[in-house]
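Worksheet: one structure, shown below.
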Amino acid sequence: MSSPSATAPGVRQGDFRFRCIACAQLSDQASQDFRCAQCGDLLEIIYPSWEQERPDAAQLKAAWRDRKLSSSPADQSGVWRFRDLLPRIASEQDAVTLREGNTPLYELPRCARTTGIPRLFGKHQGMNPTGSFKDAGMTVAATFARRAGFRWVACASTGNTSASMAAYAARGGLRSLVLVPEGKISWSKLSQALDYGAVTCQLRTDFDGCLRLLQLLVLRAPVYQLNSINPFRLEGQKTLALELLEQLDWNAPDHIIVPGGNLGNSSAIGKALVEMRDLGLISKLPRLSVIQAEGANALVRTLREAAGKRLVSVAAETRATAIRIGNPASWKKAAHVLEATSGACEQVSEMEIAQAKAEIGAEGIGCEPASAVTLAGLKKLIQQGFVKQDETVVLVLTGNLLKDPDFTIDFHRGDMFKGGAGVSGEVDALRHPPVVLDATLDAVMRTLEQSEKS
Ligand code: F0G
C-alpha cells in the first residue's frame, strides 16, 4: 500500500480552515484521525473569507436557481449546486458525483391528520443514489480524499455509510475498506458495498467497536477515513438544509426533526441553519430536534444526566440498526446545535418506531426504521407542548424503505412483537400481511370482498 502521493488531507485550500470545536485552535491541516492536535477533540470547517466579505444572500439564491438549468454534472448535483458554501474545488470536473441530493420534500397528509399538524413534510433523503442521506456528505469527502492523493478510503458503518462510501469510491477510482458489525446490519446495505467493490470486513463487535478500530487503523495506514468525524462529510450534509429551505422558498419551518445515531447529520444540519441565518439566507432559525431509539439513547442520557457536559455511553440495542450506536462520535457538536437552535432531544420505543414506519409507508413513500423515529418523536413533542398545531414541521427521512426489508416483512407478518404483548389495535390495523391462496378467481374475489369490509 503506497502513501498518499499528493498533499495530506486538508492542506490549505485557500478558502477554509479547520477549527477545533473545544479549544477553537485553527489549523490548515488535519491529521488522519481528524482530531485537534492540541486537545484531541473534533474539527469543523470554517470559512474566514465570509468574515472579510460576506457572500450576498440574494446573489447566492439566484446562482443556485440558475444552476438548475445547467447540464454540467456539478450543477446537476444537489450538493455541488450549493458549492459557494462548501470547501472550494479547483474545477467542477474534480467533483466525484452521482447527482446526489435533489431529494423531494413530500407533504404527509395522512400523518398530518393523525398528528393534528396540518403543515407536516418529509424531506426524503432516502431518494439519494444509494438510498440514504450519506451520499450528500460522501460526494464532498470522496472528492477531497481523491484530491489529497489517497488510494484507499475506509469507514466503520451500520450499513448506509459503507454503501455510500463504496459507491463514491468506485466512481472516483478509489479503493474502499468497510468495517461493519457482523450480523447487525441489513443484507440490503451489505449487498450494496459488495456490488460496488468494497473490501468488506464483518467484525465480531458492534458499530462502536468498528469505529474504535478504524481510528487506530488510520494512524497506521494511509487510508482516508470517511466516517462523519471527517468534517468534509458534514459540509456536504449541510446541503440537505440548504435544499430544504430553497424548497420552502426560504421560509424557515418552525421545526426540523432528525434521527440521531453517531450524530453527524444533526450536527451538519444545525451548522447549516446557523450559517444560513448568519449569511442572511433565512431570517428565523428553525428548532432542530434529535430523536433516538430508547435502546440507543446516548444523547438523551447525556443531556438529562450530565447536562450535556460529558458523554453517557450506552450498550446499544434496537431493531433500527442504522442508529444502533452507543458511543456517538459527534455528541458534542449535536449538543451544541440543539442549544443553538433551542431544539429538543427525545427517545422512542421499538413499538413506536414500528408504528411510525408503517404510517409513513401508508403515505406511499416509506422509509427505513431509523427514519421513522422522527414521526414517533414528533408525537411525543406534540404531547409535551413543544410542537404546536399551527407550526410547520419537517421530518428528515434518512433512508429508503428498501434498505431494510426484513424489518418491514416481520412487522406486517406479525413476527416482530411475537405473542402480541403490548401491541395496540392501532398498530395491528397498520399490518398488511400477504395471503397465500389457491390460484382461483374465487379465492381472489373473496379476499377482495373481505378487505373491502375491513
Ligand atoms: N438514519 C439512517 C438511515 C442512518 O443510516 C443513520 C446513520 C442515521 C439515521 C443517524 O445519522 O449517525 O449522522 O446521527 N448511519 C451510520 C452508518 C452510522 O454507518 O450508516 P447520524
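Here are some notes:
- Hits in segment 230-250 - residues which are surrounded by fewer than 24 Cβ atoms within 10 Å (Cβ to Cβ) and either within 14 Å of the ligand (Cβ to nearest atom) or without any contact (Cβ under 8 Å) to a residue 24 or more places away in the chain (or both): Asp249
- Residue in segment 138-157 that is open to solvent by 20 Å² or more (accessible area, probe 1.4 Å), within 16 Å of the ligand (Cβ to nearest atom) and assigned to a loop (DSSP other than H, G, I, E, B) present: no
- Test: Arg446 is among the basic types (Lys, Arg) and in contact with a His (Cβ under 9 Å, 6 or more places away or on another chain): no
- Only a single criterion out of (1) open to solvent by 70 Å² or more (accessible area, probe 1.4 Å); (2) of a type outside the set (Phe, Trp, Tyr); (3) touching a strand residue (DSSP E or B) at 6+ places or on another chain (Cβ under 7 Å) is not satisfied by Gly419, namely (3).
- Neighbours by Cβ (under 6 Å, 6+ apart or cross-chain): first from segment 434-454, small (Gly, Ala, Ser); second surrounded by 10 or more Cβ atoms within 10 Å (Cβ to Cβ): Ala443/Leu437
- Of all residues making up segment 99-134, the number that are more than 12 Å from Asn400 (Cα to Cα), open to solvent by 50 Å² or more (accessible area, probe 1.4 Å) and either in a helix (DSSP H, G or I) or among the aliphatic types (A, V, I, L, M) (or both): 4
- Residues of segment 310-354 classified as of a type in the set (Ser, Thr, Tyr) and surrounded by 18 or more Cβ atoms within 10 Å (Cβ to Cβ), total: 4
- Within segment 360-374, at least one residue is outside any loop (DSSP other than H, G, I, E, B) and more than 30 Å from Glu305 (Cα to Cα).
- Residues (more than 6 Å from the ligand (Cβ to nearest atom) and open to solvent by 10 Å² or more (accessible area, probe 1.4 Å)) located in segment 251-268: Asn251, Ala252, Asp254
- Only one entry in Lys357, Lys284 is surrounded by fewer than 21 Cβ atoms within 10 Å (Cβ to Cβ), within 18 Å of Ile257 (Cβ to Cβ) and without any contact (Cβ under 8 Å) to a residue 60 or more places away in the chain, namely Lys284.
- Lys184, sole failed condition from (1) farther than 30 Å from Lys388 by Cα; (2) within 12 Å of the ligand (Cβ to nearest atom); (3) open to solvent by less than 30 Å² (accessible area, probe 1.4 Å): (3)
- Evaluation of Leu378 against the conditions (1) within 20 Å of the chain's Cα centre (by Cα); (2) under 23 Å from Lys184 (Cβ atoms) shows that the sole unmet condition is (2).
- For segment 309-347, residues that are touching a residue at least 24 places away in the same chain (Cβ under 8 Å), outside any strand (DSSP E or B) and acidic (Asp, Glu) total 1.
The values are calculated or read from the model by the stated rules, or taken from the named source; none is laboratory data. A quick note: this is a predicted structure, and the numbers were derived from the prediction, not measured. Glycine gets a Cβ as well: all are built from the backbone with ideal geometry, and neighbour counts include every protein chain shown. SASA here: full protein model, heavy atoms, side chains in, ligands and nucleic acids out. Shrake-Rupley method; radii C 1.70, N 1.55, O 1.52, S 1.80 Å.
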